[in-house]
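The values are calculated or read from the model by the stated rules, or taken from the named source; none is laboratory data. Worth saying up front: this structure is predicted, and the values here are computed from it rather than measured. Cβ sites come from the backbone with ideal geometry, for glycine too, and all protein chains shown count toward neighbours.
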Amino acid sequence: MCTLPNDLLIPILEELAEDYKTLSTLLTVSRNIYALALPLFYQELDISRQGPFDDRDLHSVVQKLYHRIECNPGRQFTTSLRFDLWCFFDPLPDVRTVLPHLPNLRRLCILGPDPIGSDVLQLIPSTAQLTHLMLGRAFYEQSLLSFLELHPKLAFLCINHLRHDFGFDFDDPSQPHPTVPRSALPVLRSAEIPDDILRLIAGRASLVDLAITDAEAPSPPFSYDVAAAYPSVCSLSVQRISFSGTTSLVASLPNLRYMRVHVDPREMDDTWRAALSTTKLAYMRFQGMQILRNSDEPVRRLFEAVQSLALVDVGAYGVEPIFIRYHRNTSAEELVHIPYRRWKSWWESARDDIEDAVCRCGR
């Protein structure tokens with residue numbers, strides 16, 4: 001294998017890009033293969049469980065990564081870091097140890113029980129222009145919003161939970177609120193954020209994917225404001241469909257094409273069907289904690305109400321999510337596996353199937 005030309009070796013090694021065990025072994029074969037395999041080995045660092053049968057000692061993995069990291073030649077090739085602190089028992093690894101040593105980082109995901117503050121994010125080298133940022137929990141502070149301004153290439157922003165420590169009331173207009181500078185996030189494409197900060201990034205014409213997390217009960221006027229601020233949104237994901245004002249939001253998004261809700265299809269009442277009937281919706285996904293059986297009747301009623309709707313998937317969370325798929329022009333159901341694609345919009349893994357279903361409907 002060592003005598004093969006690089007033009008043949010490189011495609012072979014690229015096929016092994018996600019097989020870290022094999023790549024680790026290949027690093028010891030020869031100097032040439034070491035030089036070719038090292039960028040692939042360090043390109044995407046994923047410190048998390050890869051499935052229910054992954055029994056690696058992650059503490060050992062972190063210790064090896066942290067050992068003399070400032071001298072590690074592979075760190076310059078790291079463009080993606082995913083650190084899932086939920087996978088560890090005490091003591092939790094300190095992500096601050098690795099962040100300053102990743103000069104070419106582009107995609108960062110930190111999940112865990114403790115909020116991430118700007119003191120952690122500011123350790124990222126200035127040469128690392130982020131395009132994707134995903135935080136499980138974060139402190140909501142002006143310095144966090146100012147950090148976003150330093151990364152104008154940020155296209156994907158996900159913050160699942162915010163901790164408010166600055167002591168103001170969102171519903172009190174007399175209080176000054178934190179702001180996001182108008183110059184920040186000029187190319188933001190996907191935002192998965194709590195509804196109480198949607199207003200802070202209003203006016204980004206580049207935004208096409210919107211996911212509202214921690215939705216409690218925004219008023220209808222607030223929903224209308226969101227719709228007016230994001231006329232380019234074609235994809236919407238909401239945690240619950242029962243909160244007030246969401247139907248107004250859905251009905252007033254002129255380019256809505258893909259929608260995901262985390263509820264049983266049987267909870268979709270006439271009000272919702274009426275709201276969706278005014279949209280250009282082509283694809284809908286119902287996703288819960290388990291596969292939702294006996295969904296045929298509510299899904300068929302949805303097809304009747306929404307004439308543009310071509311495809312509906314009903315399924316569950318999981319490492320390999322399985323869905324029951326419904327087509328407009330057939331009563332047959334099928335089980336499909338929709339892979340989860342990290343750093344991609346939730347609907348992109350089904351894009352080809354959606355477009356095929358739309359074409360079959362003559363839309």
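Numerical summary
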quantity: Where a residue in the stretch 145-171 is farther than 15 Å from Glu192 by Cα and hydrophobic (A, V, I, L, M, F, W, C) and its partner, wherever it lies, is modelled with pLDDT of 85 or more and part of a loop (DSSP other than H, G, I, E, B), with Cβ under 7 Å and at least six apart; calculated: Phe147/Gln122
quantity: From Leu302, Leu276, Leu309, residue being more than 26 Å from Pro339 (Cβ to Cβ), surrounded by 14 or more Cβ atoms within 10 Å (Cβ to Cβ) and either of a type in the set (S, T, N, Q) or in contact (Cβ under 8 Å) with a residue 12 or more places away in the chain (or both); calculated: Leu276
quantity: Residue within the stretch 93-102 that is touching a helix residue (DSSP H, G or I) at 6+ places or on another chain (Cβ under 7 Å), exposed (fewer than 14 other Cβ atoms within 10 Å of the Cβ), under 18 Å from Phe147 (Cα atoms) and not polar (S, T, N, Q) present; calculated: yes
quantity: Evaluation of Asp54 against (1) exposed (fewer than 10 other Cβ atoms within 10 Å of the Cβ); (2) part of a loop (DSSP other than H, G, I, E, B) (one fails), failing number; calculated: (1)
quantity: Leu36 vs. criteria surrounded by 12 or more Cβ atoms within 10 Å (Cβ to Cβ) and part of a loop (DSSP other than H, G, I, E, B); calculated: no
quantity: Selection from the stretch 209-225 of residues that are at pLDDT 60 or above and out of contact with any strand residue (DSSP E or B) (no Cβ under 8 Å at 6 or more places or on another chain); calculated: Asp225
quantity: Strands (runs of 3 or more DSSP E) within the stretch 253-337 that include 1 or more residues under 18 Å from Leu236 (Cα atoms) and within 26 Å of the chain's Cα centre (by Cα); calculated: 258-261, 283-288, 311-316
quantity: Count - residues of the stretch 81-116 that are modelled with pLDDT of 95 or more and in contact with a His (Cβ under 8 Å, 6 or more places away or on another chain); calculated: 4
quantity: Pick from the stretch 80-105, criterion free of Cβ contacts under 8 Å to residues at least 40 places away in the same chain and under 17 Å from the mean Cα position of the chain (by Cα), ranking: nearest to Phe156 (Cα to Cα); calculated: Leu81
quantity: Selection count where residues are acidic (Asp, Glu) and closer than 22 Å to Leu99 by Cβ, scope the stretch 35-75; calculated: 3
quantity: Among (1) part of a helix (DSSP H, G or I); (2) in contact (Cβ under 8 Å) with a residue 24 or more places away in the chain; (3) in contact with a helix residue (DSSP H, G or I) (Cβ under 8 Å, 6 or more places away or on another chain) - the single one Arg49 does not satisfy; calculated: (1)
quantity: Residues satisfying the stated conditions in the stretch 1-21, i.e. among the hydroxyl-bearing types (Ser, Thr, Tyr) and outside any loop (DSSP other than H, G, I, E, B); calculated: Tyr20
quantity: Long-range neighbours under 8 Å by Cβ, at least six apart or interchain, first residue closer than 15 Å to Ser232 by Cα within the stretch 185-204, second surrounded by 19 or more Cβ atoms within 10 Å (Cβ to Cβ) and of a type in the set (D, E, K, R); calculated: Pro186/Arg204; Leu188/Arg204; Arg189/Asp209; Ser190/Asp209; Ala191/Asp209
